[in-house]
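A short reminder: the numbers here are calculations on the coordinates, not readings from a lab. Quick caveat, the model's predicted, so the values are computed rather than measured. Because the Cβ atoms are built from the backbone with ideal geometry, glycine has one as well, and the counts that use them run over all protein chains shown.
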Amino acid sequence: MPAKTRIEKDSMGEMPVPIDALYGASTARAVANFPIANRPLPPAIIHAFGHLKAACAQANLDLGKLDKKLADAIIAAADEVASGMHDAHFPVDVYQTGSGTSTNMNANEVIANLATRRLRLSDPNASVHPNDHVNMGQSSNDTFPTAMHIAGTLGVGQQLLPALARLHKGLADKAEQWDSIVKIGRTHLMDATPIRVGQVFSGYAHQVKIAADRAGWAHKEMLVNMPIGGTAVGTGINTFTGFAERVCKVLSDRLDVAFAEAKDHPEAQAAKDSFVSAHGHLKTIAVSLSKIANDIRHLGSGPRCGIGELNLPAIQPGSSIMPGKVNPVMCESVMQVACRVIGNDATVTMAGMGGVGSLFELNVAMPVMIDAFLESVSLLANVSNVFVDKLLVDLEVNEARCTELLESSLMTITALAPEIGYDKCSALAKQAHKEGKTIKQIVSEQNLMPAERLDELMDYDRMTRPG
């Protein structure tokens, strides 16, 4: 049976709308026009629109442009949208008009209908108009990019930064716990000089600390360039003096984040360089996490025929044909996230380019840009938390294996080079390898130095501490 509909009108005429939908004709038209991905924009952008529309109504009220009853009804309705109560009524596809006009109108219509219902409890003739009232002093061209800034800022601040802080702590704790355990280092996938396991994990921890700094820089990119107030092309036509500043103040108070109006509105609307730059930081974070995960999976390879210096927790069967096999699935998950984020960076970059997204006074690839950006934020935050919970917490060092590989390494002879020379050490290493002996054995057999001095120089822990 066909779904029941009602008839709504917009500037282009009549449109059938699902009987229970909170949106109107413009949204229904967009749904019909863009059956592309068959998925809407992320809820975070819809919630950002709720906060923005509430702030705009408050600003218009404060400036004496909007009646208090209307403003209060709009703010109450917008608060419901911001809370996620009406996500199901935002069906417009990601791949829609490049300015996000359809989503802006979706928000205007939903909020107008909710506000009208609220007012009609006391006044049967009350009506809230999606354009004249909810969209007062605004254009899709400044509201959609402003919602992008809100959603991006909250995503990085509330999801990614805490997740990276947690990952940093997990790695730093392991670094402290394992600081006395010495293992063999590797460069070019070949044996190198000794290094403490704590030093390895301290390096990972610092890498994540810098990643958190990068997330902070991305966060800042989105705080200080709010396009609201530019309306159609950045000139502010049909808005009011002080409107943008007031909206940013209301948003800052609502969300406890210090938003600031764009210093140059034409730039803020014509280009989305701040998002290209911010996502560049996300890409770098993804590369960092992938490197750490890849190292850990290699150090845990085995359990008998690989490096085996780390014991990764077994969290699920690794094979449908090989009984007892366990794989480094959490590491693989992190690395796949990195692949996706790097791909998203290409999307954000292309969306920011002239001829693709930015051209003249407006970027027209904003929906796909924010979809990719928010996905990257969410993936990086989620995988960081899961990596801590499913891998780091129960990760162990195989000390016996570390010692075994350390004792058999030829590169520990590096510590003897200052006393017996590089060329002699090179010859000894080759001889030890050929004869299947350790460095200590080959040096002792040739009586190249007193046993006490050899033991002193071949102190593996000392090799990891300069001076």
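Send over the semi-axes of the chain's equivalent ellipsoid, whole angstrom and largest first, taken as the square roots of 5 times the C-alpha gyration tensor eigenvalues.
The answer is 61, 22, 18 Å, longest axis first.
Based on the Cβ-Cβ distance of Met190 and Ser252, what FRET efficiency does E = 1/(1 + (r/R0)^6) give at R0 = 60 Å, to the nearest 0.05?
My answer for the efficiency is 0.65.
Determine, for Tyr422, Tyr204, Tyr460, Tyr23, the number of other Cβ atoms within 10 Å of each Cβ, and report the residues in order from fewest to most.
So the ranking, lowest neighbour count to highest, is Tyr422, Tyr460, Tyr204, Tyr23.
Excluding same-chain residues fewer than 8 positions from Lys220, which lysines have a Cα within less than 22 Å of its Cα?
Lys209, Lys249, Lys263, Lys272, Lys283
Please determine, in degrees from 0 to 90 and to the nearest 10, the orientation of helix 243-255 with respect to the longest principal axis defined by the Cα atoms of the chain, where the helix direction is its Cα long axis.
50 degrees
For region 22-136, treating each Cα as an identical point scatterer without solvent, what Debye log10 I(q)/I(0) comes out at q = 0.12 1/Å?
With one equal scatterer per Cα and no solvent, log10 I(q)/I(0) is -0.39.
Specify whether the C-alpha gyration tensor of region 410-463 places it in the rounded, prolate or oblate class, a ≥ b ≥ c being the square roots of the eigenvalues: rounded for a/c under 1.5, otherwise prolate if a/b is larger than b/c and oblate if not.
Cα axes put region 410-463 in the rounded bin.
Just in region 315-389: which chymotrypsin sites (Phe, Trp or Tyr not before Pro) are loop by DSSP and have at most 16 other Cβ atoms within 10 Å?
Within region 315-389, the qualifying chymotrypsin sites (Phe, Trp or Tyr not before Pro) (loop, at most 16 other Cβ atoms within 10 Å) are Phe360.
In the calculated pair distance distribution of region 173-321, what percentage of Cα-Cα distances lie above 24 Å?
It works out to 56 percent of all Cα pairs.
For the chain, what is the charge dipole size about the Cα centre, in debye to the nearest 20, if Lys and Arg each add +1 at the Cβ and Asp and Glu each add -1 at the Cβ?
In total the dipole reaches around 460 debye.
What are the extents of the Cα atoms of region 185-269 along their three principal axes, in Å, largest first?
That gives 69, 26, 13 Å along the principal axes, largest extent first.
Please enumerate, by chain and number, the aspartates and glutamates with C-alpha under 19 Å from the C-alpha of Lys434, excluding those fewer than 8 residues away in the same chain.
By straight Cα distance, Lys434 reaches Asp191, Glu404, Glu407, Asp423, Glu445.
Going by Cα centres, region 352-391 and region 41-94 are how many Å apart?
23 Å
Which aspartates and glutamates, on any chain, are close to Lys169 with Cα under 14 Å apart, when same-chain ones fewer than 8 places away are left out?
Cross-link targets: Asp389.
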